[in-house]
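The values are calculated or read from the model by the stated rules, or taken from the named source; none is laboratory data. What you see is a predicted model; the values in this text were computed from it and never measured. Cβ coordinates were reconstructed from backbone atoms using ideal geometry, including for glycine residues, and neighbour counts include every protein chain displayed.
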């Protein structure tokens, strides 16, 4: 309703066409550290963003102030910006309406998961560390979001979603750290005590870590670590813009084998595991995109602008306008294999098990060369079993090269992160370059 | 606003808060971006709301809303107290705060030319001229130029008795030329990567950058990188430009000396620190040349303010003196753990976030090595690198790896062959122990950084670092080559 009203005001103010994006959210996060709750926050907000178009000229303005006066000022600001902006000869115009498949992504259990419920969950998590002489840090968060998009060509979509997340880092006195996380739509599915136990058990097991010489090792990556790789590939290489500008690992390789045939990386907002919207921030339906299918380079995702510029179909991956980043996949997944995590570990003669990575960054986008650290549960694998914990290791490794030597993919997968996260399996990579180790 | 903030504080007290503060924040921003001659975005935005932070039953609670009308003061204050009471059910710890005075004051940052009053045409002219100059260099595949403006008005009031109004303006602009071929994407930025130059100042700061006048130079360097060799793998002497030193200070001194990290409050997300609170005044952080200050009073710096978000006055403090750890970045709560008063480092990213310990202007103080040219001339053999391209550091801020946009070999006190994609790695105290020269005041400048992420939910702070080029011995470069 508000989105349509904003479109009417913007067009009345002089926009040739107009689009309105309305986002309303209510979120809360209970953080704990040192076995106590040290931050506990809740906030609500609602904002409208107007994209005004005059010919090929575009201006955007947004506000979170409510009321007709603020809305009118915001619309006027967007129109004024459009009037003074230069023409973009390649701007295709706002997209026309298309059918959207909606999904029920609101969990009443998350909506009613209040401060008392979050504190109870945090207490159950902390208890698992405290009784073992460990300290726990992490959080329990819930969020409820409603998004509506309308434009003067008839787009008019709206959807709500909820999400819940909990993370636990358990730390012991002998450098033993353990990690566990939960992500989902329904906060009542959080098994807090079990999550706390998982992290605390891993912390106990990873006490007194040892050194490992730098070099190439086989690695078994747990889902949290795999998700980092999938996200970097998707965010930096999965956009039609980065492909067109020659900055993507997909550039020039469509249809070519670039990885092991065990690797398929997709983006699919309609999948049952997806957490967010089924339309993008232009109100276009999101469609499944295979960035890599059976090791073969696929196609990037698009929005209305980059679909028109590249002659591809609009896959529905627009971010809010104006968007200098380009279209982006935010419902990423790596397709499963058939192994169990234990089978992957059992097949490694000498290698490294990684629970998760820390502070990963990209050094070369074309080879997707990443560097980062391991943390919270790194182990040496010898003769098919975890033998002893390792101090955190630094890796400097091309993700493309690493995913070209795959020893196995697990059937089990886990959702890592909230919307914008990734569904990831365990993964055995036969060659992974560790270039350093922390003290 | 006094009436509203008083209403909030009264409501919090009635609900059971033993301490409360409220921040009302009104921000206006504008962003303009140009890519290969096309104006990609012209965007303005406004955000307004308030946040209430309380202690009740000895624990923290925070609630925020964009709605200030009707019963909002009462409703949100009560919500914050209810949240605090829920916090108190886990752990049994009771929050204790270092004392702070009551201040009734106003503060404004310097701004000579209001950037919001400058016409869109004038702003676009700067960006488009720089864009054209970059793309006029043969071999440039992609050119980007952009600017961002921010205006903030913030009111803080607390149950201690403070009422503080602050307002400031920030301006940011930068350009980047990309040379791209089948195997390389090679960016070259000015005046810095990741957004360019950021200042607590007005339009005059963007004019002073002279983006068009520097566009051709960086574009030619980007193209030259295409045929430059890879940075070789070696352990060598490394000379680092001021911009990268700023980020090195940020990651390996600024973050590890944040007391909330030291005390474990950020352990699960950003990590902890290799430094312990008990290391104060004893830990050897680096060589005798290493002096690091945290200063919230530097004119024109993104790290400056009148009061932090706990109502603590802006201060200048030493974190490292002659290579020894002498201070931390602190808050009223964390300062108690080291027996000091707060040095005023608590800031929040907007009205809907609770304050965290953030850097102010955390600077490597200048040395006596003269200009960059004199430092190079004093170096027999090694590598000189400029402008950050990638950064990564472990959860205790010990093992780091940075990549830069460009480097040159140093031979016999002169710059030699250009190398592409130089990177280096190290362990924080060993690296800073190897610092044997820092350029002098004339080569020192403040580098703004407006993308410092920390906390959950993620908060992005605007901070700054004073830095001059410096030299480090026995550094591993060309990692993973």
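Across segment B:307-329, what is the number of residues that are assigned to a loop (DSSP other than H, G, I, E, B) and either surrounded by fewer than 22 Cβ atoms within 10 Å (Cβ to Cβ) or modelled with pLDDT under 95 (or both)?
6
Checking residue B:157 against (1) more than 30 Å from residue B:224 (Cα to Cα); (2) touching a helix residue (DSSP H, G or I) at 6+ places or on another chain (Cβ under 7 Å); (3) surrounded by fewer than 17 Cβ atoms within 10 Å (Cβ to Cβ), which single condition isn't satisfied?
Exception for residue B:157: condition (3).
With the condition kept exactly as written, say whether any residue in segment B:26-42 is buried (at least 23 other Cβ atoms within 10 Å of the Cβ), modelled with pLDDT of 95 or more and more than 10 Å from chain A (Cβ to nearest Cβ).
no
So residue B:40 passes all but one of these: (1) in contact (Cβ under 8 Å) with a residue 12 or more places away in the chain; (2) within 28 Å of the chain's Cα centre (by Cα). Which condition number does it fail?
(1)
Against the definition (at pLDDT 95 or above and either away from chain B (no Cβ under 14 Å) or in a loop (DSSP other than H, G, I, E, B) (or both)), how does residue A:322 come out, yes or no?
Values: at pLDDT 95 or above: no; either away from chain B (no Cβ under 14 Å) or in a loop (DSSP other than H, G, I, E, B) (or both): yes.
Spelling it out, it is not the case that residue A:322 is at pLDDT 95 or above and either away from chain B (no Cβ under 14 Å) or in a loop (DSSP other than H, G, I, E, B) (or both).
Any idea which residue in segment A:356-369 is nearest to the other protein chains (Cβ to nearest Cβ), counting only those that are more than 18 Å from the chain's Cα centre (by Cα) and free of Cβ contacts under 8 Å to residues at least 60 places away in the same chain?
Residue satisfying both the conditions and the ranking: A:363.
I'm trying to understand the selection: among the residues of segment B:451-481, which are in a strand (DSSP E or B), buried (at least 19 other Cβ atoms within 10 Å of the Cβ) and more than 14 Å from chain A (Cβ to nearest Cβ)?
B:461, B:462, B:463, B:464, B:465, B:466, B:467, B:470, B:471, B:472
Do you know which residues across segment B:132-146 are touching a helix residue (DSSP H, G or I) at 6+ places or on another chain (Cβ under 6 Å) and in a strand (DSSP E or B)?
B:140, B:143, B:145
Identify, from the list A:384, A:298, A:337, the residue that is at positive phi, surrounded by fewer than 24 Cβ atoms within 10 Å (Cβ to Cβ) and modelled with pLDDT of 95 or more.
Result: A:384 is the single residue among A:384, A:298, A:337 that is at positive phi, surrounded by fewer than 24 Cβ atoms within 10 Å (Cβ to Cβ) and modelled with pLDDT of 95 or more.
Exactly one condition in (1) surrounded by fewer than 16 Cβ atoms within 10 Å (Cβ to Cβ); (2) within 24 Å of residue B:18 (Cβ to Cβ); (3) touching a strand residue (DSSP E or B) at 6+ places or on another chain (Cβ under 9 Å); (4) more than 10 Å from chain A (Cβ to nearest Cβ) is not met by residue B:73; state its number.
All conditions pass for residue B:73, except number (1).
How many residues are over 12 Å from residue A:332 (Cα atoms) and assigned to a loop (DSSP other than H, G, I, E, B) when one looks only at segment A:260-286?
Residues meeting the conditions: 13.
From the list A:31, A:51, exactly one residue is in contact with a helix residue (DSSP H, G or I) (Cβ under 7 Å, 6 or more places away or on another chain) and either within 12 Å of chain B (Cβ to nearest Cβ) or in a loop (DSSP other than H, G, I, E, B) (or both). Which is it?
A:51
Could you look through segment B:237-272, keep only residues that are closer than 30 Å to residue B:384 by Cβ and not in a helix (DSSP H, G or I), and pick out the one that is farthest from the chain's Cα centre (by Cα)?
Looking at the filtered set, the residue picked out is B:237.
Here are some conditions: (1) more than 14 Å from chain B (Cβ to nearest Cβ); (2) part of a helix (DSSP H, G or I); (3) touching a strand residue (DSSP E or B) at 6+ places or on another chain (Cβ under 8 Å). Residue A:109 meets all but one. Which one does it not meet?
Failing condition for residue A:109: (3).
Of everything in segment A:412-439, what is within 27 Å of residue A:384 (Cβ to Cβ), more than 12 Å from chain B (Cβ to nearest Cβ) and surrounded by fewer than 22 Cβ atoms within 10 Å (Cβ to Cβ)? Give them in sequence order.
Listed by number, the residues that qualify are A:412, A:413, A:414, A:430, A:431.
Yes/no per residue for (1) free of Cβ contacts under 8 Å to residues at least 24 places away in the same chain; (2) at the interface with another protein chain (Cβ under 9 Å from one of its Cβ atoms); (3) over 23 Å from the mean Cα position of the chain (by Cα); (4) more than 14 Å from residue A:429 (Cα to Cα):
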{"residue": "A:346", "(1), (2), (3), (4)": "no, no, yes, no"}
{"residue": "A:349", "(1), (2), (3), (4)": "no, no, yes, no"}
{"residue": "A:354", "(1), (2), (3), (4)": "no, no, no, no"}
{"residue": "A:371", "(1), (2), (3), (4)": "no, yes, no, yes"}
{"residue": "A:405", "(1), (2), (3), (4)": "no, no, yes, no"}
{"residue": "A:408", "(1), (2), (3), (4)": "no, no, yes, no"}
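Could you tell me whether segment B:87-98 includes any residue that is within 15 Å of residue A:40 (Cβ to Cβ), part of a helix (DSSP H, G or I) and either at the interface with chain A (Cβ under 8 Å from one of its Cβ atoms) or out of contact with any strand residue (DSSP E or B) (no Cβ under 6 Å at 6 or more places or on another chain) (or both)?
yes
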